[in-house]
Ligand SMILES: Nc1ncnc2c1ncn2[C@@H]1O[C@H](COP(=O)(O)OP(=O)(O)OP(=O)(O)O)[C@@H](O)[C@H]1O
Ligand SMILES: [Mg+2]
């Protein structure tokens with residue numbers, strides 16, 4: 001069975017893209033066949049792998065202009081890139097019947113080739129994120145350990161529960177992880193405790209520490225394992241990925 005995982009949080013800048021990239025690379029290094037789908041019009045995930053302003057993107061597949069473009073970027077690792085065209089997809093799709101299932105239909109045709117498909121969601125709860133949640137078997141929520149992160153969680157859980165009820169009964173929040181974590185910061189420690197209470201048994205043990213190499217790597221079109229293999233970022237993402245893999249074995 002293919003594990004289809006939406007990496008979602010409508011709060012911006014919490015580490016969705018950084019996590020999609022590096023968990024994806026780590027899963028592929030552990031021998032899994034992985035597809036990453038960039039579903040954010042900002043196209044940060046595509047940029048992070050060196051695919052800027054691609055001509056054909058997931059937008060063309062969602063709007064039936066072309067087949068989903070899939071490029072191999074590493075051994076065992078493929079990418080379906082985004083571009084800015086995707087910013088009008090929500091408006092274009094809003095009038096069609098079955099608009100919540102468009103991505104699912106695309107994913108269903110390609111999923112058998114993969115062990116894992118990770119979907120990098122945009123920072124909103126609009127139609128693109130709803131398509132990601134409808135196409136997925138699981139949702140992972142990255143959270144930066146700030147008080148504001150707690151504020152949006154009720155809204156996010158409400159949307160996920162609505163999708164469970166109406167569009168995709170199988171989807172579940174399978175994991176929550178903390179990013180940009182600094183154990184010396186009291187707020188970070190307090191929020192970590194609050195999150196563990198909010199999501200009992202869902203929070204991964206591995207916390208992704210604040211690490212400048214994670215900021216620098218995508219600027220060089222590299223993942224963290226290429227850019228700084230002994231950095232805290234590389235160590236933490238490999239550890240988190242092993243937890244994720246263990247949860248599926
Ligand atoms: N562990 C970390 N340590 C330090 N910086 C980080 C870490 N994780 C992510 N960042 C940086 O924080 C910023 C936001 O991260 P990222 O783009 O992954 O978040 P996002 O949730 O995808 O954002 P958006 O909501 O805009 O899509 C980036 O500049 C990224 O390099
Ligand atoms: Mg992002």
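How about segment 33-50: which of its residues are away from ligand 1 (no atom under 12 Å from the Cβ), in a loop (DSSP other than H, G, I, E, B) and under 16 Å from residue 18 (Cβ atoms)?
49, 50
I need every pair where a residue in segment 88-99 that is in contact (Cβ under 8 Å) with a residue 12 or more places away in the chain has its Cβ under 6 Å from the Cβ of a residue that is outside any helix (DSSP H, G or I) and surrounded by 11 or more Cβ atoms within 10 Å (Cβ to Cβ), sequence separation at least 6 or different chains.
Filtered contacts from segment 88-99: 90/126; 92/63.
Tell me the residue from 208, 160, 186 that is in contact with a helix residue (DSSP H, G or I) (Cβ under 9 Å, 6 or more places away or on another chain) and more than 30 Å from residue 100 (Cβ to Cβ), please.
Every option except 208 fails the conditions.
Looking at 183, 211, which is the one that is free of Cβ contacts under 8 Å to residues at least 60 places away in the same chain and either over 30 Å from residue 50 (Cβ atoms) or within 16 Å of ligand 2 (Cβ to nearest atom) (or both)?
Only one candidate passes the filter, namely 183.
Can you name every residue in segment 191-240 that is assigned to a loop (DSSP other than H, G, I, E, B) and closer than 18 Å to residue 181 by Cβ?
199, 202, 204, 205, 206, 207, 208, 210, 211, 228, 231
Tell me the residue from 187, 173, 235, 215 that is more than 13 Å from ligand 1 (Cβ to nearest atom) and closer than 18 Å to residue 23 by Cβ, please.
Going through 187, 173, 235, 215 in turn, the sole match is 173.
Among the residues in segment 152-165, are any closer than 17 Å to residue 207 by Cα and in a helix (DSSP H, G or I)?
no
Residue 28 - would you say it is assigned to a helix (DSSP H, G or I), crowded, with 23+ Cβ neighbours inside 10 Å and more than 11 Å from ligand 2 (Cβ to nearest atom)?
Yes.
So for segment 43-59 (the condition being closer than 23 Å to residue 157 by Cα and either within 13 Å of ligand 2 (Cβ to nearest atom) or modelled with pLDDT under 95 (or both)), does at least one residue qualify?
Scanning segment 43-59, I find no residue that is closer than 23 Å to residue 157 by Cα and either within 13 Å of ligand 2 (Cβ to nearest atom) or modelled with pLDDT under 95 (or both), so the answer is no.
Could you say which residue among 9, 3 is more than 16 Å from ligand 1 (Cβ to nearest atom), touching a strand residue (DSSP E or B) at 6+ places or on another chain (Cβ under 8 Å), modelled with pLDDT of 95 or more and under 25 Å from residue 160 (Cβ atoms)?
Unique residue meeting the criteria: 3.
Identify all residues within segment 169-199 that are closer than 19 Å to residue 132 by Cβ and either over 18 Å from the mean Cα position of the chain (by Cα) or loosely packed, with under 15 Cβ neighbours inside 10 Å (or both); write none if there are none.
169, 170, 172
I need the full set of residues from segment 4-18 which are within 9 Å of ligand 2 (Cβ to nearest atom), more than 9 Å from the chain's Cα centre (by Cα) and under 17 Å from residue 157 (Cα atoms), in order please.
12, 14
Just a yes or no: is a residue in segment 13-24 part of a loop (DSSP other than H, G, I, E, B), touching a strand residue (DSSP E or B) at 6+ places or on another chain (Cβ under 9 Å) and more than 14 Å from ligand 1 (Cβ to nearest atom)?
Checking segment 13-24: not a single residue is part of a loop (DSSP other than H, G, I, E, B), touching a strand residue (DSSP E or B) at 6+ places or on another chain (Cβ under 9 Å) and more than 14 Å from ligand 1 (Cβ to nearest atom).
The values are calculated or read from the model by the stated rules, or taken from the named source; none is laboratory data. Keep in mind that what you see is a predicted model, and the values were worked out from it rather than measured. Please note: Cβ atoms are built from the backbone with ideal geometry, for glycine as well, and neighbour counts cover all protein chains shown.
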